[in-house]
Every structure is written in C-alpha cells, then in structure tokens.
Amino acid sequence: MSLFDKRLSEIHSELTKKQLSASELVEASLKRISEVDQELHAVITVDEEGARRQAKALDERLAKGEGEFGLLFGLPAGVKDNIVTAGIRTTCASKLLSNYDPIYDATVSRKLKEAEAVIVGKCNMDEFAMGGSTENSGFYPTRNPWNPEYVPGGSSGGSAAAMAARQFFFTLGSDTGGSIRQPAAFCGVVGLKPTYGLVSRFGLVAFASSLDQIGPITKNVEDAAYVLQAIAGHDPYDSTSAKVEVPDYLSALTGDVTGMRIGVPKELIGEGVDKEVREAVLAALKQLESMGATWSEVSMPHTEYAVPAYYLLASSEASSNLARFDGVRYGVRADNADNLIEMYKETRSQGFGPEVKRRIMLGTYALSAGYYDAYYKKAQQVRTLIIRDFEQIFADYDVILHPTTPTTAFRLGEKLDDPVKMYLEDICTVPVNLAGLPAISVPCGFSASGLPIGMQIVGKAFDESTVLRVAHAYEQATEHHKRKPEPVRG
Amino acid sequence: MSAITRKEVEHVANLARLTLTEEEVQRYTNDLNAILAFAAKLNELDTSDVPPTSHATDVHNVMRDDENRPSLPLDAVLKNAPDHEDGQFKVPAVFE
C-alpha cells in the first residue's frame with residue numbers, strides 16, 4: 001500500500017509511534033510533484049527548502065518524544081494560491097501578484113502550522129478564483145490527471161488535480177460558487193465546502209466576501225473531516241466568522257444512515273444532466289436506500305435563477321474587492337505611467353487576465369448609478385428566494401443530494417469563448433453558496449470514457465456532521481474513491 | 001433593459017480603472033450584452049415583497065475595545081511595495 005493511500009488518522013498514529021517520519025512524508029510529496037507536475041501544472045510554488053527544514057524540526061521533536069503531537073503532524077499540504085502564507089509567495093495565479101511575498105499568515109495557514117502540517121506547495125487556480133476550469137490561471141492551465149486533454153475544473157483545479165495525483169496528503173481550496181466541489185467532482189476526489197462562517201476567511205484573498213469559504217480537498221471523506229477539525233472555528237480577525245462550537249467530526253462517521261431523509265431536487269437531476277451522471281447518482285441513492293435511508297424527489301423552484309443571480313452578486317462584490325490591486329502597496333506596478341491614475345489603470349490592465357476584467361466590468365456596471373436596483377438589488381432578492389427554497393426542503397429532509405456537476409470534465413478550450421455557457425456549468429453548486437450551506441462532493445462513479453462523476457450532499461447550516469456521515473457511509477459501501485488515475489507519465 | 005453600448009463600456013472601464021484596447025472594448029461590449037441578456041431572466045420573478053439578502057448567515061457588527069496593539073514593523077509593510085521612500089509608499093505624481 002502506498003503511503004498516499006493511508007488515511008490521515010492512520011498516518012498520524014504511525015508517526016506518533018515513530019513508524020514513519022515527517023521527512024519521509026515530505027520526501028514522498030516532493031518526489032510525486034517532481035514526477036507528475038511537469039505535465040499537470042497543478043502547483044505554482046514548491047517550498048522545497050522550507051518543507052524539508054520543517055520536517056526535520058518535527059522529526060527532532062518526534063525523536064525526543066516531547067509534548068503533544070498536532071493533529072496534522074508532519075502531513076504535507078498543498079494550499080490554494082489565494083490563501084496567504086507568510087514567507088511563501090502567494091500569487092492568486094495572477095501576473096499582478098506574481099511577486100507577492102505575504103508578511104502574514106491566513107488564519108487557516110496559521111492553524112495548519114499550529115496543527116504541525118507542512119505547507120509544501122501552493123496550488124494553481126483560475127486567476128483570483130474566477131473560473132471553473134483553471135484555464136484562467138495567469139501562468140498555465142492545470143490538466144486533469146484522469147486525462148490531460150481535459151480540464152480539472154476550477155477554480156481550485158490545482159488543489160483537486162494535485163490531490164487526485166497524490167502530490168500532497170491533503171489540499172485546501174476555496175469555494176465561492178462551486179470552486180472546491182466542482183473540481184473535486186472532475187478529479188474524482190472529495191471536496192467539502194463548509195457553512196459560511198465556519199472557517200475563517202482572514203487571509204483568503206477576497207473574491208466575493210459574502211460567498212467565499214475555505215475547505216479541504218482529500219482522497220476520502222474521513223480525511224476531509226479530519227482536516228476540517230483542524231481549520232474550523234471562530235476567528236476574531238474575520239467579522240463574519242461564526243461563534244459556534246466545533247463538534248468532533250470524526251465521531252459523526254458512524255456509517256449509520258438509518259432513517260436519514262434525503263431530498264433530491266428534480267431541477268438538478270432531470271433535463272440538462274448527462275445520462276451517465278444521472279444514472280450514477282440514482283445508483284448512489286439506491287445504495288443509500290439499501291442502507292436504511294429514504295429519498296424522494298423535491299423541488300427547488302428558483303434553481304434556474306441561481307446562476308444569473310450569482311454572477312451579478314459575485315461580480316459586484318469582486319469589482320469592489322479587487323479595487324485594492326492598484327500597484328501601490330504590493331504587486332507588479334506598470335512602469336509606463338506619468339501620473340497616479342494612469343499608473344492604476346496600466347497596472348490593472350496589464351496585470352489582470354480577460355476573465356477577471358470581464359467580471360470587474362460586469363460588477364462595476366451592476367453597481368453603477370442607475371443600475372443598482374435593476375441588477376444588484378434584484379439579485380439579492382432572488383438570493384432570498386433561493387434561501388427559502390432550501391428552508392422548505394430542510395423542514396422535511398436531513399440532506400439534499402444531487403449531481404455536483406451536470407457533466408463530467410470538458411476538454412481544454414471547449415468553453416473558453418462562451419462565458420454564459422461556462423457559467424451555466426455552475427447550476428448545481430451556486431445555490432449552496434447563495435444560501436451559505438455546507439456541501440460535499442464525493443466520487444460516485446465513472447463515465448464510459450473513464451472520467452470521474454461526483455455527487456453532492458448538502459446539509460443544514462453548521463450541520464457538517466450529517467453531511468459527512470452520509471458521504472462517509474456511502475463511500476465505505478462503494479469502491480469509487482479507491483480508483484486512482486494512471487500515474488501521469490512516470 | 002436596453003443593450004449596453006460601447007460608450008457605456010468605456011465609461012465603466014474608466015470607473016473600474018481599466019484601460020481597454022480596441023479589441024477588448026468590442027469583446028466586453030459583446031460579452032456584457034450576452035451576460036446581461038442572461039441576467040434579464042431574473043425579471044421573470046416578481047420580487048416586490050421580497051427583502052434582499054446580503055449575507056446568508058446572521059451577520060452583525062462586531063465591536064472590540066479600542067486598545068493599543070502592536071502594529072507590523074515598517075520594513076515588513078514596505079517589503080512588497082513597488083516603490084517607497086522615507087518609510088512611505090511612493091507613487092507617481094497625482095497632478096501633472
């Protein structure tokens with residue numbers, strides 16, 4: 001059994017018994033990166049020296065056997081490159097930030113370090129998390145490990161592809177409209193978007209502040225619960241951080257789904273969903289039924305309005321958040337300007353890629369005088385209707401289950417010229433962000449062409465435990481998560 | 001809602017502090033029109049009695065005592081600055 005196939009809790013126990021060392025894990029991770037990342041381009045920055053130094057320090061402590069060992073002791077992590085890491089370049093996959101060396105840690109970076117994980121690399125993404133294919137990276141697109149002609153999804157495509165190819169032991173992504181779950185589905189791994197406010201956003205470079213949330217991408221559900229345990233919790237540095245007790249997520253993984261009531265929205269399982277995807281999800285429902293759960297079809301009548309509402313809201317928030325990238329305090333400043341305003345404009349125009357500019361333009365327009373009510377406020381009202389759809393279902397059901405994406409991964413370049421077509425890909429994931437709910441994507445099959453299929457389980461606010469329990473019970477009864485992509489060259 | 005014009009695109013670009021090339025002006029005029037036509041779908045819904053949502057969870061002002069706390073060292077703050085002088089960020093002239 002490869003080191004990478006072991007559960008994180010298993011590795012932890014072997015480490016504390018000195019059957020494994022942090023250095024062995026870090027070397028395994030660095031070796032994998034050097035073997036596959038030339039082709040996959042899932043990683044932007046590798047901190048080889050820092051990772052080796054940290055692993056050595058951890059091993060010295062291990063040898064002395066002193067004190068408690070952190071939950072993530074010695075585990076090599078890949079962190080999406082919009083999460084700041086003190087001393088490791090953080091670019092948001094943007095040319096504008098290609099030289100940005102953070103002077104502080106995001107709260108999740110600090111929590112990883114306190115739990116004694118080793119941040120080995122920073123993962124590729126769509127620039128500023130805007131996109132669903134990682135083709136909008138300002139540096140290079142990431143390839144899908146199951147087939148390099150296909151996209152890994154996005155925007156956390158690097159985090160998902162690197163996890164699928166076992167370049168790290170776990171990764172972190174961020175999810176504004178599906179950016180953890182959709183790439184997890186496309187890459188055949190597990191991706192969890194926690195409830196809005198459960199994980200601190202301090203140090204996550206803001207895209208749409210009312211929607212953004214950080215979460216783990218892992219090879220199985222237990223690992224996702226394990227990592228969530230280490231990163232969840234209230235943070236005074238994030239004013240939207242929730243003051244809630246963090247439960248013990250691992251103890252929720254009982255394997256028991258008896259009596260669990262599952263709602264399946266007909267809008268997300270019918271027309272527009274690929275036959276193979278639908279059949280895989282229906283088979284999963286049958287599986288859960290055989291284990292004692294019940295399911296029935298429900299309706300989310302405002303589903304078709306979620307994507308346009310989302311794009312108006314997210315782009316509006318983005319246009320405001322990205323105003324800070326003006327070449328004054330950080331970033332690559334354009335050097336061909338004679339005055340301040342020209343410098344702002346040239347810096348932004350040279351530094352931002354086409355999709356980022358498109359969304360800044362859309363958001364600026366939607367917020368501009370005369371259009372605010374027609375677009376921004378209207379979208380906020382529709383957001384309320386979508387939240388009500390969820391509330392109605394959750395009055396009678398414990399979780400909602402449907403495909404994570406209507407199709408499996410698409411080819412590179414296939415949707416790049418048609419923004420509306422690209423945005424419609426997000427139909428199954430954006431409602432969850434608008435409502436701030438927790439949701440997980442778990443592998444539930446493969447297409448005939450060998451591409452992974454993911455299903456999504458959505459829960460009530462702060463009920464990650466139930467979401468994880470259903471996902472874990474299903475996973476343990478099936479084999480999909482055990483399949484790995486062919487080693488990508490070498 | 002009427003289509004967004006080229007002139008409006010240029011105006012919005014200025015508000016967003018972007019300089020667009022001729023090709024970009026054309027592309028974004030087309031793209032924004034396509035996206036806004038798609039967004040017009042929202043007008044099918046009567047939302048006159050629906051309150052807007054800005055955050056899905058209960059978000060309210062968070063206050064703390066106004067106490068002195070250590071701030072970041074100046075050299076760290078200036079480390080990423082494209083240009084600085086005498087402990088301050090330096091930018092091109094504001095007025096010509």
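The values are calculated or read from the model by the stated rules, or taken from the named source; none is laboratory data. Quantities reported herein were computed from a predicted structural model and do not represent experimental measurements. Every residue, glycine as well, gets a Cβ built from its backbone with ideal geometry; the counts of neighbours run over all protein chains shown.
A search for C-beta distances below 7 Å between a residue of region B:31-46 that is over 10 Å from A:Val420 (Cα atoms) and surrounded by 15 or more Cβ atoms within 10 Å (Cβ to Cβ) and any residue that is among the small types (Gly, Ala, Ser) and at pLDDT 95 or above, counting only pairs 6+ apart in sequence or on different chains, returns B:Leu42/A:Ala309; B:Leu42/A:Ala379. When you scan region B:86-96, do you find a residue that is facing chain A (nearest Cβ under 7 Å), more than 30 Å from A:Ser239 (Cβ to Cβ), over 25 Å from the mean Cα position of the chain (by Cα) and at pLDDT below 95, even just one? Yes, region B:86-96 contains a residue that is facing chain A (nearest Cβ under 7 Å), more than 30 Å from A:Ser239 (Cβ to Cβ), over 25 Å from the mean Cα position of the chain (by Cα) and at pLDDT below 95. Scanning region A:445-465 for residues that are of a type in the set (Ser, Thr, Tyr) and more than 20 Å from A:Leu285 (Cβ to Cβ), we see that the one that is surrounded by the most Cβ atoms within 10 Å (Cβ to Cβ) is A:Ser465. Residue-level analysis places B:His11 outside the set of residues that are within 9 Å of another protein chain (Cβ to nearest Cβ) and modelled with pLDDT under 95.
Within region A:115-166, the set of residues being part of a loop (DSSP other than H, G, I, E, B), closer than 25 Å to A:Ser319 by Cα and charged (D, E, K, R) comprises A:Asp126, A:Glu135.
Candidates in region A:1-52 are the residues that are acidic (Asp, Glu) and more than 22 Å from the chain's Cα centre (by Cα); of these, the one that is surrounded by the fewest Cβ atoms within 10 Å (Cβ to Cβ) is A:Glu49. Does A:Ala252 satisfy being surrounded by fewer than 21 Cβ atoms within 10 Å (Cβ to Cβ), in contact (Cβ under 8 Å) with a residue 40 or more places away in the chain and in contact with a Leu (Cβ under 6 Å, 6 or more places away or on another chain)? When the stated conditions are applied, A:Ala252 passes them. Surrounded by 15 or more Cβ atoms within 10 Å (Cβ to Cβ) and either assigned to a loop (DSSP other than H, G, I, E, B) or facing another protein chain (nearest Cβ under 9 Å) (or both): does that describe B:Pro82? The answer is yes for B:Pro82. Of the residues making up region A:394-420, those that are closer than 14 Å to A:Met300 by Cα and crowded, with 18+ Cβ neighbours inside 10 Å are A:Phe394, A:Tyr397, A:Val399, A:Ile400, A:Leu401, A:His402.
Inclusion of A:Ser349 among residues that are modelled with pLDDT under 95, under 21 Å from B:Val25 (Cα atoms) and polar (S, T, N, Q) is not warranted. Can you confirm whether region A:292-302 contains a residue that is within 25 Å of A:Gly197 (Cβ to Cβ) and buried (at least 16 other Cβ atoms within 10 Å of the Cβ)? Looking for residues that are within 25 Å of A:Gly197 (Cβ to Cβ) and buried (at least 16 other Cβ atoms within 10 Å of the Cβ), one finds at least one in region A:292-302, hence yes.
Counting the residues of region A:242-276 that are out of contact with any helix residue (DSSP H, G or I) (no Cβ under 9 Å at 6 or more places or on another chain) and of a type outside the set (Ser, Thr, Tyr) gives 11. Find the residue count for region A:361-398, including only residues that are among the acidic types (Asp, Glu), within 27 Å of the chain's Cα centre (by Cα) and farther than 14 Å from A:Gly459 by Cα. Here the count works out to 0. When each of B:Val62, B:Val77 is tested for being in a loop (DSSP other than H, G, I, E, B) and within 9 Å of chain A (Cβ to nearest Cβ), the lone residue that passes is B:Val62. If the condition is being within 21 Å of A:Met125 (Cβ to Cβ), touching a Gly at 6+ places or on another chain (Cβ under 7 Å) and among the small types (Gly, Ala, Ser), then region A:204-260 contributes only A:Gly215. Is at least one residue of region A:463-474 more than 27 Å from A:Ala225 (Cβ to Cβ) and of a type outside the set (D, E, K, R)? There is no residue in region A:463-474 that is more than 27 Å from A:Ala225 (Cβ to Cβ) and of a type outside the set (D, E, K, R).
Residues that are assigned to a loop (DSSP other than H, G, I, E, B) and at pLDDT 95 or above were ranked within region A:399-426; the one that is nearest to the chain's Cα centre (by Cα) is A:Thr404.
A single entry from A:Val442, A:Val432 fulfils the requirement of being in contact with a strand residue (DSSP E or B) (Cβ under 6 Å, 6 or more places away or on another chain), surrounded by 19 or more Cβ atoms within 10 Å (Cβ to Cβ), more than 11 Å from chain B (Cβ to nearest Cβ) and not acidic (Asp, Glu): A:Val442. Residues of region B:19-30 that are more than 8 Å from chain A (Cβ to nearest Cβ), surrounded by 14 or more Cβ atoms within 10 Å (Cβ to Cβ) and of a type in the set (Ser, Thr, Tyr): B:Thr29 alone.
Each residue in region A:216-248 was checked for being under 27 Å from A:Tyr376 (Cβ atoms) and in contact (Cβ under 8 Å) with a residue 12 or more places away in the chain, and 4 pass. Checking A:Glu135, A:Glu149, A:Glu114, A:Glu127 one by one, the residue that is within 25 Å of A:Val432 (Cα to Cα), surrounded by fewer than 24 Cβ atoms within 10 Å (Cβ to Cβ) and of a type outside the set (Phe, Trp, Tyr) is A:Glu135 and no other.
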